[in-house]
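Colleague: Starting off with a structure, shown below.
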Amino acid sequence: MNHLTLFLLMLLISPFASANNTHSTLSFKKQIKERCGLIVVEDSGGLNFGSDYDEQAIMLKLISNKKHARLLLRLSHFDLGDLSGEIPNNHVYFRLETPNYYEGNIDYWRQGVEISAPRLNNTKDVYIRARINKPELSLPAGDIRLNMEWSLECL
């Protein structure tokens, strides 16, 4: 074996020989995008009259993966259909149930309620119940439907 071959062989082997003495820092990386929104789990609930709430509720799942997020849930659209002239907004109430309770009329919910995401339960489910603060007998017979849209903003 000549000197040139021996030199080339040493060059080829030297990275492997020194690998035992070298430390490398390795890592895995992934960028997680911020998510904010709501998912409708149950889209229809029971409507009650007077001061009590029916057991049937609309169920939403609030989505936010931002640490220590504050969520603003608000009523973005509301329609009473044929009864809009007979039932004023201040007679329609919603109650939001998280571990805490929030209650107010349509004007209150159009402003929205700020909820601390860490205070939600583990499933992040919230329940919305509705009532009309008016005797049922004072309204005409037929179906009464409250159509609405809710929005969530992450602050």
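The values are calculated or read from the model by the stated rules, or taken from the named source; none is laboratory data. All of these numbers come straight from a predicted model, not from anything done at the bench. Virtual Cβ from ideal backbone geometry, glycine too; neighbours counted across all protein chains shown. With ligands, DNA and RNA removed, areas are computed over all heavy atoms of the protein, side chains included. Shrake-Rupley method; radii C 1.70, N 1.55, O 1.52, S 1.80 Å.
Colleague: State which residue pairs qualify: first residue more than 16 Å from Ala57 (Cβ to Cβ) and inside the stretch 94-109, second residue surrounded by fewer than 16 Cβ atoms within 10 Å (Cβ to Cβ) and of a type outside the set (Gly, Ala, Ser) in any location, beta carbons under 7 Å apart, and separation of 6 or more residues or different chains.
Modeller: Short answer, once both residue conditions are applied: Asn105/Asn89; Asn105/Asn90; Ile106/Asn89; Asp107/Asn89; Asp107/Asn90.
Colleague: Go through the stretch 77-93 and give me each residue that's among the aliphatic types (A, V, I, L, M) and more than 16 Å from Ala57 (Cβ to Cβ). Lay out the reasoning, then the answer.
Modeller: Of the stretch 77-93, the ones among the aliphatic types (A, V, I, L, M) are 80, 83, 87, 92.
Within the stretch 77-93, Leu80, Leu83, Ile87 qualify.
Colleague: Somewhere in the stretch 90-104, is a residue open to solvent by 80 Å² or more (accessible area, probe 1.4 Å) and more than 23 Å from Asn48 (Cα to Cα)?
Modeller: No.
Colleague: Out of (1) open to solvent by 50 Å² or more (accessible area, probe 1.4 Å); (2) at pLDDT below 90, what's the single condition that is false for Arg74?
Modeller: It is condition (2) that Arg74 fails.
Colleague: Quick check on the stretch 41-54. Is at least one of its residues closer than 12 Å to Val126 by Cα, touching a strand residue (DSSP E or B) at 6+ places or on another chain (Cβ under 8 Å) and open to solvent by 30 Å² or more (accessible area, probe 1.4 Å)? I'd like the intermediate steps shown before the answer.
Modeller: Start the filter on the stretch 41-54 by keeping residues that are closer than 12 Å to Val126 by Cα, which leaves 41-42.
Filter once more, keeping what is touching a strand residue (DSSP E or B) at 6+ places or on another chain (Cβ under 8 Å): 41-42.
Going one step further and asking which of them are open to solvent by 30 Å² or more (accessible area, probe 1.4 Å), we end up with 41-42.
Checked against the condition, which is being closer than 12 Å to Val126 by Cα, touching a strand residue (DSSP E or B) at 6+ places or on another chain (Cβ under 8 Å) and open to solvent by 30 Å² or more (accessible area, probe 1.4 Å), the stretch 41-54 yields at least one hit.
Colleague: Filter the stretch 143-154 for residues that are open to solvent by 60 Å² or more (accessible area, probe 1.4 Å) and part of a loop (DSSP other than H, G, I, E, B); which is farthest from Ala130 (Cα to Cα)? Give the derivation first.
Modeller: At the first step, the residues of the stretch 143-154 found to be open to solvent by 60 Å² or more (accessible area, probe 1.4 Å) are 143, 145, 147, 149, 153.
Narrowing the set further to residues that are part of a loop (DSSP other than H, G, I, E, B) leaves 143, 145.
Working: Asp143: 15, Arg145: 11 Å.
For the stretch 143-154, the residue satisfying everything is Asp143.
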